[in-house]
Every structure is written in C-alpha cells, then in structure tokens.
1. When you look at Asp114, is it under 23 Å from Ala27 (Cα atoms) and either open to solvent by 100 Å² or more (accessible area, probe 1.4 Å) or modelled with pLDDT under 90 (or both), yes or no?
2. Name the one entry in Ala147, Ala132 that is open to solvent by less than 60 Å² (accessible area, probe 1.4 Å), more than 29 Å from Arg33 (Cβ to Cβ) and at pLDDT 90 or above.
3. Just a yes or no: is a residue in the range 88-110 open to solvent by 70 Å² or more (accessible area, probe 1.4 Å) and modelled with pLDDT under 90?
4. Suppose we filter the range 67-87 for residues that are under 14 Å from the mean Cα position of the chain (by Cα), open to solvent by 60 Å² or more (accessible area, probe 1.4 Å) and modelled with pLDDT under 90; how many remain?
5. List pairs: first in the range 30-53 and open to solvent by less than 60 Å² (accessible area, probe 1.4 Å), second charged (D, E, K, R), Cβ under 6 Å, 6+ apart or cross-chain?
Amino acid sequence: MPYPEDMKRFELKDVQHEKAQEIERLAQLDAERAQVEQRINELAITERTLARLLSVDLPESIPTSGDASKRKKPDGIPTIYVMAVTLLRERGVHWLEGQEIVHAIRERWWPTADNNDISPTLWRLFKTGRLAKQGTKYGLPPGARGAVKELGEPGSGVVSVQ
C-alpha cells in the first residue's frame, strides 16, 4: 500500500530534522574535543617546562590511541608550506592569522591535524625566510609575493612560491 503524499513529506521532515540535530551534536563534540586537545597540549607544555626547571627527567610518554594516526601527515597532501601559500593566494591576501591557516588546513586537507602539527612548521618556515611573520600573522616574504605559480593539475588551486 503506497504512502499518502502527506505521510511521505512528514517522514522526510522528521529525517531532515533528526539529521540537523545530529550535525549540531557533532559540531558540539568537535568543539569539546578541540578544547580537550588544547588542554592536553597546555598540560604537556607545563609538564615539560616544570621538568626542565626542576631538572627532572620525564619518563617516556605513553601514546594515546589517536596519537600514531594523527601525528603523521597523511600521504598525498601537499606540504604545509604549499598549503599555506595556496590559502594566501586563493584568498588574495598578504597575511593570515596562524590559527586561520591551521583551521583552513584542517578543513581542506588534514582533518585530524591539531595546532601542534602545523604551527611549529609555520614558525620554522618563518625562521628560514620562506614565510614572513607580523605578530601572529603569516604571509609571503615581500620578494616572493609576485613569484607564485600553480603546482599540480591546472586549475587545482595548489600554488608554490619560486
């Protein structure tokens, strides 16, 4: 027996509503996870600092279940340098906040990355002169701003600085 048309719409709306609730719940869990990861990172920094100040050796840390898979940059994604340059070029800006770069890399290329997977590399790229830095913002060094070319497939939007 076929469903009446009203019943079909009612069931579809129920499914759509439930899906929207689950998407919202997932966003809340993601935000909570990010807060917990940030707290763990802060505690690890504090632990290392205290150990150094107290001249105490820390035992080898016990890896957590997510550490091994999360810490390694996945194969097949561009380098952090190429990702940062791509973001700067696509957005048509000279500077992006470090956290903006981290967030955009997570969204586009590396969903499991955390701040400690990307920010230290941005800093090293600044220290070696491949990126410029103003406060908490990163950009291309002045001489490199015009020397950008596409990498990969035409139209891929992945760029590099020569």
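1. The answer is yes for Asp114.
2. Of Ala147, Ala132, the one residue that is open to solvent by less than 60 Å² (accessible area, probe 1.4 Å), more than 29 Å from Arg33 (Cβ to Cβ) and at pLDDT 90 or above is Ala132.
3. No, that holds for no residue.
4. 3
5. Listed by first residue and then by second, the contacts come to Glu37/Asp114.
The values are calculated or read from the model by the stated rules, or taken from the named source; none is laboratory data. For clarity, every value in this text was computed on a predicted model and none was experimentally measured. Don't worry about glycine lacking a Cβ; one is built from the backbone with ideal geometry, like all the others, and counts go over all protein chains shown. Side chains included, ligands, DNA and RNA excluded: accessible areas come from the protein's heavy atoms. Shrake-Rupley method; radii C 1.70, N 1.55, O 1.52, S 1.80 Å.
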